[in-house]
Each structure stands twice: as structure tokens, then as C-alpha cells.
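Just so it is clear, none of the values below were taken in a lab; they were calculated from the coordinates. Values in this document were obtained by computation on a predicted structure and should not be read as measured data. Every residue, glycine among them, receives a Cβ derived from its backbone with ideal geometry; neighbour counts consider all protein chains shown.
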């Protein structure tokens, strides 16, 4: 065991943080990131997780995960407590946990609408401890309806560059005194990495691959990995793949496959077998394979290593973890240019620098900049419409053309296997480096730095605050809508 790793703080001297999000044992996107966050910082902070799940089977229990966490993280004295809960909690249970555990801060992850009840008691909470929010927003226009939520936090860590800009634009002059920093998702690069014949479990990997492809040998595999929900645009992905295959000779098409790691049918999405039947019929040249079983993180790494490219055409995507996982496994990516997915493509400006956003240039989805990392094959949206709901009245829906995506699949296919491997390794090199910081370790280092900065500068809220209101505050978005 290693106890004196960089930043190590003895257990009794650590700050304790109440982490409110999915149960860190789950394999949801939020659960995965929360788990990596805890594992990469448990040598510096003690953690209490109010862990959400739908109809949680262990609701009401108090579980000690310290030993398991210590073993996984490679230290001797982690302190991690889990309170499983149906849903994301309520004011009473938070008060109870705060009285029992005496945390030094509250750390939130996921959509702010899940925390409305907590933001309503923020003055009560922030008289005792600060509120930290690892937050994301999928698209513009800047959500002015989120302003009160952002104001209720002392530190806002934006998962994407777009989110950091949104936090600043929405807060306006209320940004003063808050810590706002870029903390992109980080994953375990010792689980997600390129596999070759020197891999210890190469035989098991080969068996997995044979089972996935039913013993067939494919020379080019396109992978989609995400939920079957509307905004993921899986029918467009299928349509794009069909158009790609239609460009090939029968012999070339026979060597290609599309793997859909998702549910075949989901009420939040659609009936994918019906889509395939409608678009492709029973033509044997279209090899579309479903992978529905739940996989461990190691098996997910095997899945990426079975493919040649990962595709994600989501019309609203805050980040896109499957792209990060694929890049860490040394695979190129095809993605719609929207939200946090554009971060992972590393578009660069006239000076060769990784682009940033402001009120004049809030997103690159209009294609202002085209040059990107060689591992990225961007698909620029051709339609931008405003959709919404009463809680979220407006948000852009960035839709790309399936034919444009088909062209990018073709472009990746046209590369030699050696070139695909080369650009995939460049993706991993950049993702694990100091500019991108898409690894668990680097994410943890950022969290430690910025949370410590917060603890040093934070002052408790006063019991009340007098606010002079002369006119109704404008909620017009403070950035260009056409650029």
C-alpha cells in the first residue's frame, strides 16, 4: 500500500465532503465520474456519499466503503461512507446527515433541477459549509433560468469549456467571489487503454471479441455506445452507416460492421430493430450488431478495442463519456460538434491554441474553426432549433446530417489500419496529457487544488442579506445568438 502519495493528508486531518449524486457503485455516467473522483482524492479528503438510485434496494442503510476504497485506490486509510437513497434526497435527510457526519462542504453533481429543494435552503446550508457544484449544461442559449441555482453555489466546476462560459455569462456581476474553473471528466487510463498481444488477459479478450462478432472477422467496425434516448440520434447513426455502406463494393461492405451497445427498444428512445428493418431491410451487406448486456469497465475497454472508431451524433451532449473512453483506448472519434464533445476534438484557433468561448463566440457548432486533433472527424450541425419544456424553457437542438456523418465514417474507413492506430494513439496521448487532463488522476488533482482554494477563501453566509430591487432583472441572454 502507498500512503504517502502526493497530496496525502492523514485521515484525522482531512476535510470531509458530502457528495450528493448517483450511488458511486453504479455504472451510470454520473456514478462513474463520482467514483473516479472519490478514488483519485480519497488520500486527501474523506467522503460521504448520499447515493441516489431509482427504488434503491439499500435505501435507509449506512454502508462503510472505506476498505474497498482503500484497496482500489492503493492507500491504507480511506474514509468513505455511503447513504443509499431513493432519488437524490431531500432537505430533512441532508440536515440529518450534516448533523451526524459534520461535513466541511457539500459537493453536487448532475442537473440543477434535481437540487431545487437544496438551493431553496442554501442560506441555511452556506452559513455552515460551502456548496460546490460539478456542473454541466448541454447547449446555449445561456440558461438564464439557472441563475438562482448558480448563485446558490460557492464554487462552480464546469465539466466543459462551454459550461464554464455559461456559468460566467449567466451569473454576470454575481460571479464575484465565486470560484469558477474548468474540470473536465477524467477516467481511469489504467482500465481504458489500447490492447495488444502482450495484454495479460488477451485470451479472454479474444473470446469476448469472437462472441461479439459470432466468430466472424471484420476489418472495419464502427461503435456506438450510449443510451437509447431521443437526443442520442441513434436512427441517424444507423442511417449514416447505411449510406456509408452504400458507397462500398459488396466485397468491401462484407468486411464492415456497426456495433450498437444500447437497448434495442426504450420508451425514451425508439424501436431500433424496426428502424434497421425500415432502412436496411434484410440485405446481408449491412452488418448491424447489438450489444445489450451490461459490461464491467474492463469489458467496456474490450468493446472499444474491438472497434476502429466511436461515433456520437447526439444533438444535445454535455460531454460524451464514450468518446473519452474510446480516445483512452486509442481510437479515433466521429462526433457532432456540440456541447462538450467539441472539447474532445480539440479545435484550434488562428494561433494554434485550443479554443475557448466568450459572449461573442459561445460555441464552435457553426464551424468557425475547422482544424482539430487528427483523431477527430467532426460533423457540423446543419440545423439549430430551439426546444424546451416549462422547467427548461429554451435550449438549442443541434442536428447534423446523416449524410455528413456517412462521409466521415468513409473517411476513417479510407485510412490504413496503421494510420487509424497512429491517430488513435495521438488521441490517447493528448487525453492523458497536461492540456486535456481527461484522466481520473488529473481530474482529482484539479479538484484538490480548487477545493482547497475554496476552503482557504470561503466565508460563511450571513443570516440574511438586504437586496435593493429597483427594476426587474433582465433575463435576456448575454451573448450573440448569431456568430
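Data for the structure
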| quantity | calculated |
| --- | --- |
| Antiparallel bridge percentage (DSSP; both residues within the chain; nearest 5) | 15 |
| Between helix 29-41 and the chain: long-axis angle, C-alpha atoms, 0 to 90°, nearest 10 | 60 |
| Anisotropy class of region 3-126 from Cα gyration tensor, a/c 1.5 cut | prolate |
| Computed E for residue 360/residue 201 - FRET, C-beta separation, R0 60 angstrom, nearest 0.05 | 0.75 |
| P(r) of region 123-181 over all Cα-Cα pairs, binned every 5 Å from zero, in whole percent | 4, 20, 33, 25, 11, 5, 1 |
| Anisotropy class of region 399-443 from Cα gyration tensor, a/c 1.5 cut | oblate |
| Length-normalised contact order for region 373-427 - Cα pairs under 8 Å, 6+ apart - percent | 39 |
| Ranked packing of 166-176, 136-146, 289-299, most packed first, by mean Cβ within 10 Å | 136-146, 166-176, 289-299 |
| Neighbour-count order for 414, 198, 226, fewest beta carbons within 10 angstrom listed first | 198, 414, 226 |
| Highest average packing first - 440-452, 390-402, Cβ atoms within 10 Å | 440-452, 390-402 |
| Sequence-separation-based contact order of region 42-153, relative, with Cα cut under 8 Å and 6+ spacing, percent | 24 |
| 0 to 90° range, to nearest 10: angle between helix 91-101 axis and the chain longest Cα axis | 70 |
| Residue order, fewest to most beta carbons within 10 Å, for 98, 341 | 98, 341 |
| Equivalent ellipsoid semi-axes - Cα gyration tensor, region 374-452, angstrom | 29, 29, 7 |
| For peptides 148-158, 321-331, 417-427, sequence by mean Cβ density within 10 Å, most packed first | 321-331, 148-158, 417-427 |
| Cα long-axis angle, helix 417-431 against the chain (0 to 90 degrees, to the nearest 10) | 0 |
| Rounded to 5, the percent of DSSP beta bridges in region 202-431 classed as antiparallel | 30 |
| Shape call, region 350-397: gyration tensor on alpha carbons, a/c limit 1.5 | prolate |
| Region 78-230: relative contact order as a whole-number percent, Cα under 8 Å and 6+ apart | 15 |
| Share of pairwise Cα separations in the chain, more than 39 Å, in percent | 24 |
| Dimensions in Å of region 202-431 - Rg and Dmax from alpha carbons | 17.4, 53 |
